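Asker: What follows is a single structure, and I will ask about it in a moment.
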Amino acid sequence: MTDIRIIISPAKKMKVNNDYVMHRSMPVFIKEAKRLLDYLKKLSYEELKNIWKCNDSIAELNYKRIQDMDLYHNLTSAILSFEGIQYQYMGPEVFSYDEFKYIEKHLRILSGFYGILRPFDGVVPYRLEMQSKLINWEYRDLYEFWGAKIAKNIFSESKLILNLASKEYSQCISRYLSDDIKFINCTFGEWIDGKVVQKGTLVKMARGEMVRFMAENNIKDVRDIKEFDGLKYRYREELSNKNNFVFIREY
């Protein structure tokens, strides 16, 4: 049986939380993250704000973070550092030891700044979305900076990828697929006027619930995720195919 790797997106909002579960490792691409940090430190406030596409309060917070950033100290386990909706519904703070073991092996977080993160890699709060356009550098954007590195890293671990990430992030993997890689998408939607309609917030909630479902049930055969019924979603065989599992929300 092929070992599953689950890919998810990061979240914009992050926190420092090193009181609960200490980090156990450093990110695989820490040297690349350091190179990105060196580039970001050279930019002015206005240039960074332009990259971040955010308001002044968020820009000021993250500009200060860039100036003070230390990639090797006061680190938080990646799985506990992100605060977005997906992570709230995943609920890693209440995971059991066995559930932590499961995600440590099977879950990978894609990141514009770190490339790819294992759950217990130590990170610091940052803001850098994968779709960000870079200025005054040899790379136009982060897709060009990372190239095939992220995909090659995850393919070296597994040939079976379950995609619970947004397109912004998943294309770092999907554009490098080869015939020996099985890449399965999960669609979480509602059946409206004869078609599947996905709603952003509900999709994020469902992705978090799916990770928790897989950890709680120690899912090793990807076909077993068809039993998922969180948030009133049900697997629909007639709408699915071997590369896309479709879950429809029933009211």
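Asker: Take Tyr143 and decide whether it is at pLDDT 95 or above and in a loop (DSSP other than H, G, I, E, B).
Answerer: no
Asker: Still on this structure, please answer the following. Just to be sure before I move on: is Trp146 out of contact with any His (no Cβ under 8 Å at 6 or more places or on another chain), at negative phi, surrounded by fewer than 19 Cβ atoms within 10 Å (Cβ to Cβ) and aromatic (Phe, Trp, Tyr) in the structure I sent?
Answerer: No; evaluated as a whole, the condition is false for this residue.
Asker: Now for a separate question. Exactly one condition in (1) in a loop (DSSP other than H, G, I, E, B); (2) in contact with a Phe, Trp or Tyr (Cβ under 9 Å, 6 or more places away or on another chain) is false for Pro125; which is it?
Answerer: The single condition Pro125 does not satisfy is (2).
Asker: Look at Ser111 and say whether it is buried (at least 17 other Cβ atoms within 10 Å of the Cβ), touching a strand residue (DSSP E or B) at 6+ places or on another chain (Cβ under 7 Å), closer than 20 Å to Ile225 by Cβ and polar (S, T, N, Q). Outline the logic, then answer.
Answerer: Details: buried (at least 17 other Cβ atoms within 10 Å of the Cβ): yes; touching a strand residue (DSSP E or B) at 6+ places or on another chain (Cβ under 7 Å): yes; closer than 20 Å to Ile225 by Cβ: no; polar (S, T, N, Q): yes.
Answer is no for this residue.
Asker: Here's another thing I want to ask about it. Do you know which residues across region 199-236 are more than 17 Å from the chain's Cα centre (by Cα) and of a type in the set (A, V, I, L, M)?
Answerer: Listed by number, the residues that qualify are Ile219, Val222, Ile225, Leu231.
Asker: Given the criteria surrounded by fewer than 16 Cβ atoms within 10 Å (Cβ to Cβ) and either touching a residue at least 12 places away in the same chain (Cβ under 8 Å) or on the phi < 0 side of the Ramachandran plot (or both), does Leu177 qualify?
Answerer: For Leu177, the condition - surrounded by fewer than 16 Cβ atoms within 10 Å (Cβ to Cβ) and either touching a residue at least 12 places away in the same chain (Cβ under 8 Å) or on the phi < 0 side of the Ramachandran plot (or both) - is met.
Asker: Follow-up question, since we're still on this one. Considering only region 15-43, how many residues are touching a strand residue (DSSP E or B) at 6+ places or on another chain (Cβ under 9 Å) and of a type in the set (D, E, K, R)?
Answerer: 3
Asker: When you scan region 202-222, do you find a residue that is free of Cβ contacts under 8 Å to residues at least 24 places away in the same chain, surrounded by 13 or more Cβ atoms within 10 Å (Cβ to Cβ) and assigned to a loop (DSSP other than H, G, I, E, B), even just one?
Answerer: Yes, region 202-222 contains at least one residue that is free of Cβ contacts under 8 Å to residues at least 24 places away in the same chain, surrounded by 13 or more Cβ atoms within 10 Å (Cβ to Cβ) and assigned to a loop (DSSP other than H, G, I, E, B).
Asker: For region 117-143, which residues satisfy the criterion of being surrounded by fewer than 21 Cβ atoms within 10 Å (Cβ to Cβ) and of a type in the set (Asp, Glu)?
Answerer: Residues satisfying the conditions are Glu129, Glu138, Asp141.
Asker: Scan Ile79, Ile51, Ile66 and give me the residue that is buried (at least 23 other Cβ atoms within 10 Å of the Cβ) and assigned to a helix (DSSP H, G or I).
Answerer: Result of the check over Ile79, Ile51, Ile66: Ile79.
Asker: Please verify whether Phe245 is buried (at least 17 other Cβ atoms within 10 Å of the Cβ) and outside any strand (DSSP E or B), treating the condition exactly as stated. Can you show your working first?
Answerer: Numbers: buried (at least 17 other Cβ atoms within 10 Å of the Cβ): yes; outside any strand (DSSP E or B): no.
Against the criterion (buried (at least 17 other Cβ atoms within 10 Å of the Cβ) and outside any strand (DSSP E or B)), Phe245 does not qualify.
Asker: Going by the conditions given, is Met1 at pLDDT below 95, under 30 Å from Phe183 (Cβ atoms) and hydrophobic (A, V, I, L, M, F, W, C)?
Answerer: yes
Asker: Only residues that are surrounded by fewer than 19 Cβ atoms within 10 Å (Cβ to Cβ) and within 15 Å of the chain's Cα centre (by Cα): list them for region 180-198, please. Please lay out each step first, then the result.
Answerer: Let us first name the residues in region 180-198 that are surrounded by fewer than 19 Cβ atoms within 10 Å (Cβ to Cβ), namely 180-183, 185, 187, 190-198.
Across region 180-198, the qualifying residue is only Asn185.
Asker: Output the residues belonging to region 53-82 that are hydrophobic (A, V, I, L, M, F, W, C) and under 23 Å from Asp121 (Cβ atoms).
Answerer: Leu61, Ile66, Met69, Leu71, Leu75, Ala78, Ile79, Leu80, Phe82 - these are the residues of region 53-82 that are hydrophobic (A, V, I, L, M, F, W, C) and under 23 Å from Asp121 (Cβ atoms).
Asker: Now for a separate question. Just to be sure I understand, how many residues within region 180-192 are within 19 Å of Arg108 (Cβ to Cβ), touching a residue at least 60 places away in the same chain (Cβ under 8 Å) and among the β-branched types (Val, Ile, Thr)?
Answerer: Residues in region 180-192 being within 19 Å of Arg108 (Cβ to Cβ), touching a residue at least 60 places away in the same chain (Cβ under 8 Å) and among the β-branched types (Val, Ile, Thr): 1 in total.
Asker: Let me ask another. Could you check region 149-174 and list, in sequence order, the residues that are in contact (Cβ under 8 Å) with a residue 40 or more places away in the chain, assigned to a helix (DSSP H, G or I) and touching a strand residue (DSSP E or B) at 6+ places or on another chain (Cβ under 7 Å)?
Answerer: Selection gives Lys149, Ile150, Asn153, Ile154, Glu157, Tyr169, Ser170, Cys172, Ile173.
The values are calculated or read from the model by the stated rules, or taken from the named source; none is laboratory data. Since the model is a prediction, treat every value here as computed from it, not as a measurement. All Cβ positions, even for glycine, are placed from backbone atoms using ideal geometry, and neighbour counts span all protein chains on display.
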